[in-house]
1. For B:80-92, what's the mean count of beta carbons from other chains sitting within 10 Å of each residue's beta carbon?
2. Any number yet on Rg/Rh for region A:391-471, C-alpha, Kirkwood?
3. Going Cα to Cα from B:Lys97, which lysines come in below 21 Å? Please leave out same-chain ones fewer than 8 positions away.
4. In straight Cα distance, which lysines are under 21 Å from B:Lys3, not counting same-chain residues fewer than 8 positions off?
5. With θ taken as phi - 60° and the coefficients 6.51, -1.76 and 1.60, list the Karplus ³J(HN,Hα) couplings across region A:614-627 in order, rounded to whole Hz; mark glycine and proline as x.
6. Collect residues whose amide H, placed 1.01 Å from N in the peptide plane, falls under 5 Å from the amide H of A:Leu630; neighbours closer than 5 in sequence don't count.
7. What is the average number of partner chain Cβ atoms found within 10 Å of a Cβ in A:417-428?
8. From the phi angles alone, apply the Karplus equation (6.51, -1.76, 1.60; θ = phi - 60°) to region A:201-211 and give each ³J(HN,Hα) in whole Hz, x where the residue is Gly or Pro.
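The values are calculated or read from the model by the stated rules, or taken from the named source; none is laboratory data. These figures come from a predicted structure and were not determined experimentally. As a convention, Cβ positions derive from the backbone with ideal geometry for all residues, glycine included, and neighbour counts pool all protein chains shown. Remember, those area values only see protein heavy atoms, side chains included, never the ligands or the DNA or RNA. Shrake-Rupley method; radii C 1.70, N 1.55, O 1.52, S 1.80 Å.
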Amino acid sequence: MEAAPALVLVPPTPQYPTPTSRSLSSTPVSTAPPTPELVRSSIDQERSSSETTIVTIYSMYGDDSPPRWDNPLKVSNGRADYSAYQDSVPTSSQDSQESAYYSAVPASHRSSRRRTSVNRGGIGDDSDDLPIAQNPSIHRHRQSPPSSKPPTIFATPIYLPQQHRAPAGSIQHSTQRSFVKYLAGVDVRKSTATQVPRTYAELEILGVRGDGYEEGVERTRARVGSSRDSTMQAAQALGDPMEKTRELTPKEVEMLANLDRYGFFNTPSHDRLTLLPNSAFLKPLSRVAVTKTGPATGTILRSLPPPSAPKHETIRMEKWGRMLEAQSRDPGGNIETWCISPSKEHKLRERLYKGIPDRWRSAAWQTLLCRFSRTGNKEFLHLSREYREALDKPSQYDIQIDLDVPRTISGHILFRTRYGHGQRSLFHVLHSFSLRCSVCGYCQGMGPIAAMLLCYFEPERAYASLVYLHDAYRMHDIFSPGFPGLLEAIYVQERIMQEMMPEVYAAFKDQMVSSTSYATKWYITLFANSMPFPTLLRLWDAFLLEGPDLFIVVAISVIWAYRDHITSSSANFETILSLLSSFFVPEDENTFVAWIGKVLADQKLRSSMKEWREEWKGLVAAGKEGQALL
Amino acid sequence: MSKQLQFKLVLLGESAVGKSSLVLRFVKDQFDDYRESTIGAAFLTQTVTLDDGTVVKFEIWDTAGQERYKSLAPMYYRNANCAVVVYDITQSASLEKARNWIRELQRQADPSIIIALCGNKSDLAARRQVSQEEAQKYAEEEGLMWAETSAKTGEGVSEIFTAIAKKLPTTAAPSSRAGAGGRTGAAGGRSGVDLNRQQNAVSTNEPCNC
């Protein structure tokens, strides 16, 4: 057997478009204002967008001491798109009441808007001010630099280390202090809604020190207090241009060496790890007799076993390399979209259930998502633009998203550092997505799904993929208020249980265990916090091909595996619920996933599932759904 | 053998006030800085032994805080014997949310429900936005138990659960709980637990399942 290839971490950051490639696609209106300086300077054109952003800010406000670009500030994920946030640092409580989102308008021009908006207050009120990009006055101002210097402190690189600092005297010390205080999150109680996206946007430019290695400092979630210590801590946690060029410390090297192949430095602690025994999956789903004499509890594991190297990975990589073909290329010849080679189409399903080799996962998922949602590159480009434009708009869910971001996918190096690379991407994807569907908005549970996508896609594609999941995979119904899709899935799940495991169904009924009490999180997070990451990847491989039926069958597989525990004579409400609230660890992932594949290949069952879904819709329409579930 | 009683307890409160952290501290004596958000609700159990040897077993429903999940709450607080409504002492808005929950419980839950108002994150007293006086006064007016806790340091956590355990009826007094209320919209299911059956004192000392 070939040795498994080394860990390949796909960072959630795309190759940012160079000015050339950006001009080929339609440029989002909200990107860095094209000041005359930028257009003229050929040096500028070679700079990364983040650098140009900073130059732009300098030039806009007439500061003639930009950082020295021969030793450019390395910004980890800096983007021109955030320019709208940057000069919006509040200087008074009145300012902080305002939206950060139209702040691309220099302060001198903002005042007129303020007169109309200051008395309204509230987050939702900002919505009619948007989108900024459609405000003609902004474009007008962008064309000519403002005459007066607005009270922006971002124009001065006070966080750059000594060698980048503007000459002494060009910054007022008090301003500097207030900015440090601001970044530490003080004086913003009234404006946390706007402070949240602004903090993420600013740290997108400045970066966070020790990204991936250090825990980082909280600036928004805990609403850090005004102690001098926390202020200093927050200031010190800002990125350092030397961060990316310095030697790794022995501790960091050790940590990198200990990452598992998917990027986890630490196995998140889960309550109750329970084994999904392999023996259960040697028998196909069918009506079988249950025993009542067995124990009521499953086998509890003490710790999560480390992920094992997938079987035959090298040979599978070659096979996938032949099966996936380039469908379209960008003008530079890079592959934009993939498709399944028609001659290999018949092999796709079988190979998917064996597991996509991890280094093909990104391309394969992208292809599967497009197939299922019948979308192509055109739709993707449109959604990318939508994603970027939405970054400039306020979302009523910003605070909630910010509360959830640091507690999502814990243990993964990309998402480890507070406001680090991964956390910023996650915030931005969820922020933009919360503006996509006014019915769904943001719902807790979207986070783990977005994080999963960000492990394989850049933020734009993660966003687009969430949209495909929402539209084509019907996650809309899952996330909508009242969770109609969840109840439908549970109805179908109960019908399968009733048909295949009538004793189990009866046991749930006797013990009064409603399916919602254990299965809600399964369907809303797609088992994200209920199974190990490598298993989830395998399930996602199949999910993207099969659609929403897949997770119903996963739910069935869990109940199938524990059927004898559930029907045990010593089982009760508590044992059943504790068992089904566990974190499930398949003893053998391959057998487990293959079993699910077999169930889903049963066309009779699939058409029954379809009928049951219709049946549920009929019950809902007739107002009779209330009595239909366990 | 000592008497064992079993009660259903539900935790309610705004997102990120520390409901799951309180439960984690109470059940496992652990703390995570960033505990993953609860989806739907989490089920756990823990026992408390009172001075007289009575063992009180809590069947804990730790609910999701986001507004979207509010529609599921009735199925967790219906039939609950006790509720811990949590707010964050550093967020005055979270006390408002707690008041809403308490109003809802007073209207919709079993009339005999014991409600404890719990101000969490007392380790962050430097950032306090809710004074002890304010919360205590409100709790007194409404006849609630009240305490401040810190899931992080553990301060006050076992105390509040023990205080609740002491206040619960020590003799099984099943009330008319079965089938209470209709099915509520989205939640779709009836209460998951029949306390008429379970609340009877059982003499078996089952091991805690967590």
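1. 1
2. Here the Rg-to-Rh quotient is 0.92.
3. Candidates past the 8-residue exclusion: A:Lys190, B:Lys19, B:Lys70, B:Lys121, B:Lys137.
4. Result set, ordered by chain and number: B:Lys57, B:Lys166, B:Lys167.
5. Per residue, the Karplus-derived 3J(HN,Hα) values read 5, 4, 4, 4, x, 4, 5, 4, 8, x, 10, 6, x, 9 Hz.
6. The list, which skips near neighbours in sequence, is A:Ser515.
7. Across the residues of A:417-428, the mean count of other-chain Cβ atoms within 10 Å is 0.
8. With coefficients 6.51, -1.76 and 1.60, one gets 5, 5, 6, 5, 7, 7, x, 10, 5, x, 4 Hz.
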